[in-house]
Amino acid sequence: STKLMEGRRGLIMGLANDKSIAWGIARALAAQGAEIAFSYQGEALKKRVEPLIASIGMNQMIECDVGSEESMDALFAHLKETWGSIDFLVHAIGFSDKNELRGRYVDTSRENFRVSMDISVYSFTAVCQRAAAMMPNGGSLLTLTYYGAEKVMPHYNVMGVAKAALEASVKYMAEDLGKDRIRVNAISAGPIKTLAASGIGDFRYILKWNELNSPLRRNVTQEEVGKSALYLLSDLGSGVTGETHHVDAGYHVVGMKSVDAPDI
Ligand code: NAD
């Protein structure tokens, strides 16, 4: 049987280490025959990313800071030169000053609001512009979001506001790019222990709370996010666009702590 991603080429942005959600997605896509290029932020990450991608038979890695237009232009110029076109893109990038991922949202500074929106929201729009220009045969674009966009979660603060804007941008881009057979979706992942998550105040408590109160009574893994990403990025998801798909053990449907859930 042919693999779901055979003959498909694409870019994964936001691989930092083997705990990254980007890594769960990379493995799921590689196992189905995808050819993947990776972008990473800053030379310091290069040593970590290089052996990881080699372990799944990939070797294309390009430095890119999504805060810089020049850096993104250089990334896509490189892809244009080596591949000409692409079929998919994964944006697994977010950033906020961790000093503001605790305490109150109302105390957010103008500067961190600006940076959080720029790196966590606008960068997806900026890469979609460039990726869409390289998708003559259509394609699939995917970003990562969190339930803190929909409901107030402790300490998530300005990132919740940024994720709400990110989810709205997914809908607008789904409409803009649908005529070109390009789909745009988000996965709303449950809490997973990663480098970015460790910056959120009381993250261990959030993990425990979700484990005890989600319908599946556990947390999700990078592998599970990877499998759902495969669905959205392959032909399995061909009828799906503008969607925020929850991969959170069902936590988003719960309205109240279950009577049988133990206290933390
Ligand atoms: P991670 O730390 O492994 O990945 C975050 C990535 O963002 C890193 O690779 C980092 O280099 C990159 N990044 C930050 N600023 C950048 C910049 N200016 N230019 C280029 N890259 C930049 O953590 P993760 O949890 O895998 O995060 C991936 C995505 O998943 C984020 O959007 C995050 O908000 C989202 N998410 C995470 C969780 C969770 O619980 N871990 C839940 C839902 C959504």
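Can you give the percent of C-alpha pairs in segment 177-223 whose distance is more than 12 Å? Walk me through the numbers on the way to the answer.
Working: 744 of 1081 pairs.
That fraction is 69 percent.
Taking a Cβ cut-off of under 10 Å around Val247, the surrounding Lys, Arg, Asp and Glu residues balance to a net charge of -1, with basic ones at +1 and acidic ones at -1. On a C-alpha basis, how far is the centre of segment 32-86 from the centre of segment 231-264 in Å? Whole number, if you could? Result: 29 Å between the Cα centres.
Please order Met58, Met135 by the number of other Cβ within 10 Å, starting at the fewest.
Details: Met58 17, Met135 21.
Exposure proxy ranking, most exposed first: Met58, Met135.
Highest average first, the peptides 61-72, 82-93 ordered by how many other beta carbon atoms sit within 10 Å of their residues are 82-93, 61-72.
Evaluate the charge dipole of segment 162-226 about its Cα centre and quote only its size in Debye, nearest 20, assuming +1 on the Cβ of each Lys and Arg and -1 on the Cβ of each Asp and Glu. Present the calculation step by step, with values, prior to reporting the outcome.
Details: 10 positive and 8 negative charges, 31 e Å.
With only Lys, Arg, Asp and Glu charged at Cβ, the dipole is about 140 debye.
For segment 1-160, lysine pairs with C-alpha atoms less than 30 angstrom apart, excluding pairs fewer than eight positions apart on the same chain, total 13. Neighbours of Asn17 by Cβ distance under 14 Å: Lys/Arg scored +1, Asp/Glu scored -1, total +4.
With N denoting the number of residues in segment 176-264, provide Rg(C-alpha) divided by 2.2 N^0.38 Å, to two decimal places. This ratio for segment 176-264 stands at 1.29. Relative contact order for the chain: 20 percent, from Cα pairs under 8 Å spaced at least 6 residues apart, divided by residue count.
Using per-residue counts of other Cβ atoms within 10 Å, averaged over each peptide, order 247-254, 144-151 from highest down.
Result, highest mean first: 144-151, 247-254.
Charge dipole (Cα centre; +1 on Lys/Arg Cβ, -1 on Asp/Glu Cβ; no other charges) of segment 112-261 amounts to roughly 200 debye.
Whole-percent P(r), the chain, all Cα pairs, 5 Å bins from 0: 1, 6, 13, 18, 20, 18, 12, 7, 4, 1, 0, 0. Dividing the summed helix terms, -39500 (n - 2.57) for each DSSP H run of n ≥ 4, by the number of residues in the chain produces a 222 nm estimate of -11500 deg cm²/dmol to the nearest 500.
No value in this document is a laboratory result; all are computed from the given coordinates. In this text the structure is predicted, and so the values were computed from the model without any measurement. Cβ: placed from backbone, ideal geometry, glycine included. Neighbour counts: every protein chain shown.
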